[in-house]
Structure formats: structure tokens, C-alpha cells
Amino acid sequence: MAQELATDEQGRLLIDVRGPRFGAAITTVVLALALIIQGPVGVGLVVWQWFVFAVATFAGLRWSIYGNIFRWLKRRFDMGAPPATELEGPPRFAQLCGFAVTTIALILMLSGASAAGWITVGVVLVLSVLLAFTGVCVGCELYVLGQRLRSAKS
Amino acid sequence: MDPIVLRALVVGVVVVAVVVAGKRWQSRDGKITLAASSPQPSRHDHRAVPRPSGPRIEARHLDAVGLDLREADAGALLIGSPTCAPCDTVKQVLGDIQQGRSGFRWVYADAADHLELAAEHRIMRVPTVLVVARDGRIVARTSGVPRTDELNAVLDGEFQAAA
């Protein structure tokens with residue numbers, strides 16, 4: 001799994017920019033299926049996605065499940081050198097956001113608020129669709145607003 | 001209708017709507033807005049209030065972000081955040097521009113550390129670039145990743161004015 005991966009001069013992991021978008025595409029399919037099927041199978045798919053987010057967030061993108069599928073495909077089909085690389089920080093933060101919202105969704109479902117839980121899954125779906133198809137940086141849109149709210153509180 | 005078909009339809013419509021909205025949002029990304037050439041601020045114009053002298057960055061803000069333009073012809077201030085991937089791309093763009101222009105300075109500032117400046121200039125998202133003339137006048141601004149050649153064209157105008 002964790003073969004020699006590129007790092008910058010400070011030893012921080014560099015990843016292929018196509019990786020997160022590939023991962024978001026799988027996330028989109030998994031969550032779309034979950035929303036359509038629902039029931040125990042649907043919940044199972046959400047739990048799986050929650051686990052995927054957790055691994056990428058806490059173990060790092062080196063261990064990201066979808067990221068490693070991408071690396072394998074890249075070698076298998078010889079997809080060439082990355083068009084660009086990026087530090088793992090921002091996409092790892094995005095995985096953390098996915099993890100946080102999916103956790104809320106699962107808590108809602110387990111506590112009986114099933115409809116609210118599925119709407120929350122829908123939010124994660126929207127974010128992953130945005131990333132997979134457009135590469136729009138949602139964290140960037142909300143950062144200034146978030147910092148303002150934070151400073152207003154303190 | 002079978003609920004599963006209904007849900008599939010809803011999910012499909014949501015996905016298509018998000019893709020369309022995202023593409024439209026993206027097409028605006030990185031567009032450069034000239035401060036002088038926008039007497040009628042449009043909807044996309046960050047609703048900048050036109051002032052007689054045009055918008056400018058106060059000297060104390062320039063000091064705070066560490067942009068020293070005394071020896072320069074023009075500069076740029078990049079407002080970003082630690083978790084913003086496009087910000088790194090903008091840093092590369094500004095670095096490339098600096099290589100070709102000895103009189104150009106740029107700095108990066110975290111929006112969280114300069115909220116007053118962000119509020120004053122209605123900076124709502126990162127990365128935002130303010131192109132600043134030597135006297136602190138804001139020549140142009142852009143949100144998202146600007147194109148190197150477009151930014152260079154703006155600077156060409158400013159460098160001519162400074163010369």
C-alpha cells in the first residue's frame with residue numbers, strides 16, 4: 001500500500017491533483033446509491049463511506065482507500081505523470097469535513113431521525129459532486145465567513 | 001411510483017443541478033476586475049463602493065501584511081487560508097510573475113489574521129488577490145486562480161503608469 005510517495009522538502013506528502021477528484025467520484029456513486037436504496041443496505045454504504053473518510057482523515061492520505069485505488073489504476077493503465085501535485089493538507093481537511101458531516105448523519109439515523117439523517121447524507125453528496133465534477137473548493141468559500149463568526153464570538 | 005425510482009430521480013436532479021451551478025460558479029473564478037473600469041458595479045463586482053479616489057489599502061494594513069512597495073512599481077496581496085488548495089496555485093502564479101518583473105512584490109496573508117482588512121474590502125472568499133499600485137491604490141482584484149497572462153496585462157498597464 002504505502003509505497004514510496006512524493007514529498008516536499010519538509011517531508012510533507014505531495015499527492016496527484018487528480019486523486020481527490022477520483023475519490024470524490026467514487027464517494028458520489030456510493031452516497032448516491034445509499035440515498036436511492038436506503039434501508040439497511042443504504043445505511044451500510046454510509047457506514048462504509050464514514051470509515052473511508054475516517055481512514056483518510058486520521059491515518060493520512062497515504063492510507064486513503066480511494067486514493068490507493070487511484071494509485072493502482074494509475075499504474076495498471078499507465079495514466080502518466082500527474083499534471084500537478086498538491087500538499088495533502090487541504091484535501092485531508094476536506095476528508096475531515098466529510099467525516100464530520102457523515103458522523104452527524106449516522107447519529108441522526110441511529111437516534112431515529114431517519115429523514116434528517118438522509119438529508120445530511122445529501123449534503124455530503126452535494127459536496128463530493130462539486131469536487132468530482134468542478135473542483136470547486138467549498139472550504140475556500142466558507143473560510144472568511146467562518147473566521148468572522150469565530151472572531152465575533154470571542 | 002415506486003419510492004426507489006422516485007429517490008433515484010431526486011438524486012439525479014440534485015446531481016445535475018449541483019454540476020450546473022458549480023460550472024457556472026467556476027466560470028467566474030479568477031476573473032480580474034479592474035478598479036477603475038467599473039463605474040457601474042455589476043452583480044459580479046463584489047459590490048465595491050466607488051469612491052472618488054478609488055479603493056486603496058491603508059498604510060497600516062500594508063504594514064500588517066508586510067507588503068513594502070517603497071522600492072517597487074506595483075505589488076499584490078494574496079489573501080488565503082491554510083486549507084485552500086487553489087491558494088497554492090495562486091502563489092505559483094505570483095511567483096512566476098515576480099520572476100519576470102523586478103519591480104513587483106507580493107505577499108501572502110491568512111484571512112484569519114486580517115479580518116478587518118477583509119471586511120473593509122469585502123473579501124468573502126479565498127484566494128483573493130488585490131493588485132496594489134505603489135501608492136496603495138487597488139488597481140484590480142480577483143477571486144479564485146487568475147491567469148498569469150491576464151494578471152501580467154493588468155500589471156503592464158500599471159508599470160507604464162509608474163514609469
For region A:57-67, indicate whether the set of residues that are buried (at least 16 other Cβ atoms within 10 Å of the Cβ), in contact with a strand residue (DSSP E or B) (Cβ under 7 Å, 6 or more places away or on another chain) and within 14 Å of chain B (Cβ to nearest Cβ) is non-empty. yes
Pairs only if they're at least six apart or on different chains, beta carbon under 8 angstrom, first in region A:64-89 and within 26 Å of A:TRP48 (Cα to Cα), second at pLDDT below 85 and hydroxyl-bearing (Ser, Thr, Tyr); list them, first residue then second. A:GLY89/B:THR83
Can you tell me which residue among A:VAL52, A:VAL29, A:VAL41, A:VAL47 is in contact (Cβ under 8 Å) with a residue 40 or more places away in the chain and of a type in the set (Val, Ile, Thr)? A:VAL47
Does A:LEU110 satisfy being out of contact with any helix residue (DSSP H, G or I) (no Cβ under 6 Å at 6 or more places or on another chain) and under 17 Å from B:ALA111 (Cα atoms)? no
From the list A:ALA132, A:ALA116, A:ALA152, which residue is modelled with pLDDT of 90 or more and either more than 29 Å from B:VAL145 (Cβ to Cβ) or out of contact with any Asp or Glu (no Cβ under 6 Å at 6 or more places or on another chain) (or both)? A:ALA116
Test: residue in region A:137-145 that is touching a Ser or Thr at 6+ places or on another chain (Cβ under 6 Å), surrounded by 21 or more Cβ atoms within 10 Å (Cβ to Cβ) and more than 9 Å from chain B (Cβ to nearest Cβ): no
Would you check which residues across region A:81-132 are more than 27 Å from B:VAL20 (Cα to Cα), away from chain B (no Cβ under 14 Å) and surrounded by fewer than 17 Cβ atoms within 10 Å (Cβ to Cβ) and list them? A:ALA81, A:THR103, A:ILE104, A:ILE107, A:LEU110, A:SER111, A:GLY112, A:ALA113
Residues of region B:11-30 being more than 8 Å from chain A (Cβ to nearest Cβ) and in a helix (DSSP H, G or I), in sequence order, are B:GLY12, B:VAL13, B:VAL16, B:ALA17, B:VAL20, B:ALA21, B:ARG24, B:SER27, B:ARG28
Only one of A:ALA132, A:ALA113, A:ALA152 that is farther than 24 Å from B:THR142 by Cβ and under 17 Å from the mean Cα position of the chain (by Cα): A:ALA132
Got at least one residue in region A:34-43 being under 25 Å from B:PRO86 (Cβ atoms), crowded, with 19+ Cβ neighbours inside 10 Å and either of a type in the set (Asp, Glu) or more than 11 Å from chain B (Cβ to nearest Cβ) (or both)? no
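The values are calculated or read from the model by the stated rules, or taken from the named source; none is laboratory data. Nothing here was measured: the structure is a model prediction, and the numbers come from that model. All Cβ positions, glycine included, derive from the backbone under ideal geometry; neighbour counts span all protein chains shown.
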